[in-house]
Amino acid sequence: MFTIITGAQFGDEGKGKIVDLLAKDYDIVARFQGGNNAGHTVKVEDKVYKLHLIPSGILLEARALIGPGVVLDPGVLLEEMEMLRANGVVVSPEKLGIDAKTSIIMPYHIELDGLREAARAKKIGTTKRGIGFAYIDKVAREELRLADLADEARFLTRLEELASQKESEISALGGDPALVRDSALIKKYLQFGKKLAPYITDVSREINEALDAGKNVMAEAAQGTHLDVIHGTQKFVTSSSTIAGSACANLGVGPTRVKNVVAIVKAYITRVGEGPLPTELSGELGARLQKAGGEFGTTTGRGRRCGWFDLPLLKKAIALNGYTEIALTKLDVLSELEPVRICVGYRYKGETINYPPELTEALAECEPVYEELPGWKADLSKVQSFEELPANAQNYVKRLEELMGVPIRYISVGPGRAQTFKKEEAL
Ligand code: IMP
């Protein structure tokens, strides 16, 4: 069975937690795009793990794979491996594999990301982790792959080929090009290569062989649908394709293998960085959601912008991903709000529309049209089944399911592993 899990909004929907919940039924969990711009928080009993690169499946029995469509900061990965080991999690080449072709994020990519963002009159609000510049090099065929990093002679030859170009790019943006050939940095990267060499694998082959053997494989996305580099809200997007089809392309698995596509959907919406968010709540209500939901970036610590549930954006996410089921997260955060609102359409140029306009500039002009539902004043954190939810919370979930037309199968009411329950029947 091949299952793909993606975020249906702007990222930070709680993917790490749901992957962790489902991973017990999977033999392999594979990350297929993005890099350490992502941050997945998983709470296991009293321990909180913040993972940026390693799929959350590592916390269970599954083999964790990092696919060739990921851009990899080797220092960050090694730190993450150490953090897991310090917490008693086994991180061995049997548990973790990284594709030989995975692009390495070099110090010059991070430098260029920072310089370019500083020079932009209208910012994107990137995470400044070098993501975009590593992907530029992949597409320009000027990348260094993990296999190169692990082979000293090849790494040094390749770096020499690329160095003067990278130096001029940094100089052109007013930076100091010295880091490109900095011998201490090069030495450090070669050590990273040696440490990661035992983990190198062919991810596509492993996954296809596992599927042939009847095993279960889950593809885990980072970021969210509307940050997709092709279909998202350009230019306020990340540099990789975040939607379900990208899992097949990036992992080298044929689309005929896909069984389920699971959406992670937050019960409201958040966005970190710039770009339109039609239901954004400024003022007291926005601050309240941000506080109640702990809406601060796992990677950058930035406060996330918060808004009401946005159905038009969700409908587009359903179209782009072909979801078969939904995991609804953070329902507990809406407790105490009266009323609760759902954006069911937009007012745009004097008309009411129910699907987002294609261009970002037009989305920025859309005014939300709301449906109001009565709220619930109850602590949901200990709720273990749909039936235990207060009637108004049940009604909110039912209404969302009806509007989305895709069954909600999981509901989460808090950060802990136990604070999620399955909802068997579509409502
Ligand atoms: P980049 O991916 O660092 O280039 O940033 C591009 C945009 O994507 C910025 O608005 C970031 O805030 C956003 N972004 C990148 N990764 C994540 C994520 O994991 N969650 C939410 N937003 C993200």
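Throughout, read-outs are computed from the coordinates displayed, never taken from laboratory work. From a predicted model like this one, the values you see are computed outputs, not experimental measurements. Glycine also receives a Cβ, built like all others from the backbone with ideal geometry; neighbour counts cover every protein chain displayed.
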Q. Along the charge dipole of the chain, Cβ charges K/R +1 and D/E -1, which of 348, 26, 86 sits furthest on the positive end?
A. 86
Q: Loop only per DSSP, at most 15 neighbouring Cβ atoms within 10 Å: give me the trypsin sites (Lys or Arg not before Pro) in segment 297-327, ordered by residue number.
A: 302
Q. What full-extension length gain, to one decimal in nm, is calculated for residue 183 and residue 422 as 0.36 nm per residue of separation minus the Cα-Cα distance?
A. 80.7 nm
Q. Comparing 344, 237, 29, which has the greatest mean-square fluctuation in the GNM of the chain with Cα pairs linked when under 10 Å apart?
A. 344
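Taking 0.36 nm per residue of separation and subtracting the Cα-Cα distance, what length does fully extending residue 90 through residue 176 add?
26.9 nm is the gain from fully extending residue 90 to residue 176.
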Q) On a 0 to 90 degree scale, rounded to 10, what angle separates helix 203-212 from the longest Cα axis of the chain? A) 50 degrees
Q) Quick one: helix 283-292 against the long Cα principal axis of the chain, what's the angle to the nearest 10°, folded into 0 to 90? A) 70 degrees
Q | Alpha carbon centroid spacing (whole Å) that separates segment 223-302 from segment 101-126 | A | 20 Å
Q: Could you please state, rounded to a whole Å, how far the C-alpha centre of segment 349-427 is from the C-alpha centre of segment 1-30?
A: 19 Å
Q.
Mean-square fluctuation check for the chain, GNM, Cα pairs under 10 Å: which of 209, 142, 80 is largest?
A. 209
Q: Within the set of other residues whose C-beta is less than 15 Å from the C-beta of residue 191, count the net charge using Lys and Arg as +1 and Asp and Glu as -1.
A: -3
Q.
Using Cα springs under 10 Å in a Gaussian network model of the chain, which residue among 16, 350, 193 shows the largest mean-square fluctuation?
A. 350
Q: Rounded to the nearest 10 degrees, what's the angle between the helix 74-86 long axis and the longest principal axis of the chain, both from Cα atoms, 0 to 90?
A: 70 degrees
Q) Nearest 20 debye, what's the magnitude of the dipole of segment 103-197 about its Cα centre given +1 on Lys and Arg Cβ and -1 on Asp and Glu Cβ? A) 400 debye
Q. Can you give the FRET efficiency for residue 260 and residue 230, using 1/(1 + (r/R0)^6), R0 = 22 Å, r = Cβ-Cβ distance, to the nearest 0.05?
A. 0.45
